[in-house]
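Where a number appears in this text, it was derived from the coordinates with a stated rule and is not lab data. As the structure is a prediction and not an experimental result, all values here were calculated from the model. FYI the Cβ positions are ideal-geometry reconstructions off the backbone, even for glycines, and counts take in every protein chain you see.
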Amino acid sequence: MEDKMQVLIDGAERDLLHTYNRYQIVLDKGEGVSLYDINGKRYLDFASGIGVFALGYGVKEYNDALKAQIDKLIHTSNLFYNLPAIDAARKLKRASGMDRVFFTNSGAEAVEGALKAARKYAFLGDGRTDHEIIAMEHSFHGRTFGALSVTGKAAYREPFEPMIGHVKFAQLNDLDSVMAQLSDKTCAIILETVQGEGGIYPVEEGFIKAIRQLCDERDILLILDEIQCGMGRSGYMYAWQKYGVKPDIMTSAKALGCGVPVGAFMMTEKVASSSLVAGDHGTTYGGNPLACAAVSKVLDLFESEHIIDNVKLVAPYLEEKLDTLAAKHDCVKGRRGLGLMQGLVLDRPAAPVIKAALDRGLILISAGSDIIRFVPPLVISKDDVDEMISILDESLSL
Ligand SMILES: *Cc1c(COP(=O)(O)O)cnc(C)c1O
């Protein structure tokens, strides 16, 4: 008998552009922290669609809110106001402490908007058009040209040069390396509060505080990219809240809509009142009623389901179990991360371990070639951690 799943995969490989090395399974449905392929095989999900599905799958209240909005109104364009966007913006301001919100369709698009706002702010300040942005090595901000231009992995950028230009790179947690790139043209410093794709590197408190001070002294804007580490994953709604360092501009996406494509960039009133104005920026879909109904309901559920309390409860347990595993296996060099965003550093490629785990019903992803990344739904329990650890233990022993 021909394998139905393989037939589908072969078809996909003929039709889709080859830009991904996909896991060789076709997913069909999700429930809680489990995913099922089309043959009904269950997988424990420790990836949540790359840090997106924070609430777990099949949450009735969330699904019902989307269904109700579909029946009412899906799209309006930004020529009009719509109720879910008004609602979502108010709630997102409260959750973030920022003053103004612009909704986008993706994370990369949020980064684009953040960069444009920063350049406009600087332009209005001194009328120059040669402003520079400092970004970090190992950073990841997305695949569009602006976002790619501040992404600290040369291999991602090189084939697509020239980038937007006037971008300098420094090392995360190394103030001297930032000072070395600083000039009177610097208008913004952009970084992820916890670097994700680049290998799960949390920012150090001393570094982020020094960067904040530097920005204040020189009227440079601090842009924090919280697309992956934000939305409760760190144990705080946004990871910068842990350090008491507030950005001038920040980005959010991934878990913001829990699966409905939506992102946002937000700013303080200081930036908003002196940067983008009508005609400077726009999007056809961004902030549409369906996407914003998702954001609005996600933010409600974060409160009513005490999502961040669960992160605070389970994350230390996950850390402890990963540390035990690291001590047991010679091939594991260590662990780093914040909250439910963790990385296990191997002395070898992570791919075979991830493949072995997948065969045993556990979905894991990597961050770089030799780091196993853990970005589970934020509703996982200690029992889920135990199940994950037992499969990973076996997969590391092969
Ligand atoms: C995923 C990610 C992005 C890009 O988001 P997309 O929705 O894929 O465009 C940007 N920044 C960070 C930190 C991310 O993790």
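Please determine, in degrees from 0 to 90 and to the nearest 10, the orientation of helix 205-218 with respect to the longest principal axis defined by the Cα atoms of the chain, where the helix direction is its Cα long axis. The angle comes out at about 20 degrees. Between residue 348 and residue 31, the modelled label-to-label distance comes to 3.6 nm, taking each label 7 Å out from Cα in the direction of the beta carbon. 3J(HN,Hα) couplings calculated from phi for segment 355-372 with the Karplus curve 6.51 cos²θ - 1.76 cosθ + 1.60 (θ = phi - 60°) are, in sequence order, 5, 4, 5, 4, 4, 8, x, 10, 9, 10, 10, 9, 9, x, 6, 10, 10, 8 Hz; Gly and Pro show x. Answer with one residue from 296, 261, 76: the one whose Cα lies farthest towards the positive end of the charge dipole of segment 61-304, charges on Cβ with Lys, Arg +1 and Asp, Glu -1. Sorting the options by dipole projection puts first 76.
Averaging the sequence gap over all C-alpha pairs within less than 8 Å and six or more residues apart, then dividing by the number of residues, gives the chain a relative contact order of 22 percent. Here the Karplus relation 6.51 cos²θ - 1.76 cosθ + 1.60, evaluated at θ = phi - 60°, turns the backbone of segment 146-157 into coupling constants of x, 5, 5, 5, 9, 8, x, 10, 4, 5, 6, 8 Hz, with x for every Gly and Pro. Take the Cα of residue 7, step 7 Å toward its Cβ, do the same at residue 304, and the gap between the two points is 4.3 nm.
For the chain, the longest principal axis of the Cα atoms and the long axis of helix 60-72 meet at an angle of about 60 degrees. Springs between alpha-carbon pairs under 10 angstrom, Gaussian network model over the chain: which of 220, 50, 70 fluctuates most? In this elastic network of the chain, the residue with the biggest mean-square fluctuation among 220, 50, 70 is 70. Here the Karplus relation 6.51 cos²θ - 1.76 cosθ + 1.60, evaluated at θ = phi - 60°, turns the backbone of segment 268-281 into coupling constants of 7, 4, 4, 6, 4, 7, 9, 8, 6, 10, 3, x, 7, 7 Hz, with x for every Gly and Pro. For the chain, the residue among 223, 396, 178 whose Cα projects farthest onto the positive side of the dipole built from Cβ charges is 223.
Basic side chains Lys and Arg get +1 at the Cβ, acidic Asp and Glu get -1 at the Cβ, and with that the dipole of the chain about its Cα centre reaches some 600 debye. With everything on Cα atoms, drop me the angle between helix 307-328 and the longest principal axis of the chain, reported from 0 to 90° to the nearest 10. Helix 307-328 sits at roughly 60 degrees to that axis. Rounded to the nearest 0.05, the FRET efficiency derived from the C-beta distance between residue 67 and residue 23 at R0 = 25 Å is 0.30.
Size descriptors for the chain (Cα atoms only): Rg and Dmax, in that order, 21.1, 71 Å. First check a/c for segment 290-398, with a ≥ b ≥ c the square roots of the eigenvalues of its C-alpha gyration tensor; if it is under 1.5, answer rounded, and if not, answer prolate when a/b is larger than b/c or oblate otherwise. The shape class here is prolate. A protection proxy built from the mean count of other Cβ atoms within 10 Å ranks the segments 151-161, 39-49, most packed first, as 39-49, 151-161.
Highest mobility in the GNM of the chain, judged by mean-square fluctuation with C-alpha springs under 10 Å and restricted to 304, 381, 106, is found for 304.
Using C-alpha pairs under 8 Å with a sequence gap of at least 6, the mean separation divided by the residue count of segment 146-300 gives a relative contact order of 15 percent. What does the C-alpha gyration tensor say about the overall shape of segment 181-282? Classify as rounded when a/c is under 1.5, otherwise prolate if a/b is larger than b/c, or oblate. It is oblate, given that a/c is not under 1.5 and a/b is not larger than b/c. The simple spin-label model puts a point 7 Å past each Cα toward its Cβ; for residue 80 and residue 128 those points are separated by 4.6 nm. Taking the Cα centre of segment 296-398 as origin and assigning +1 to Lys and Arg Cβ atoms and -1 to Asp and Glu Cβ atoms, the resulting dipole is close to 380 debye.
Rounded, prolate or oblate: which fits segment 20-119 when a ≥ b ≥ c are the square roots of the eigenvalues of the alpha-carbon gyration tensor, with rounded for a/c under 1.5 and prolate only if a/b beats b/c? Note, shape of segment 20-119 comes out prolate. Based on C-alpha pairs under 8 angstrom that are at least 6 apart in sequence, segment 231-389 has a relative contact order of 20 percent.
Here segment 82-125 and segment 295-362 have alpha carbon centers that stand 29 Å from each other.
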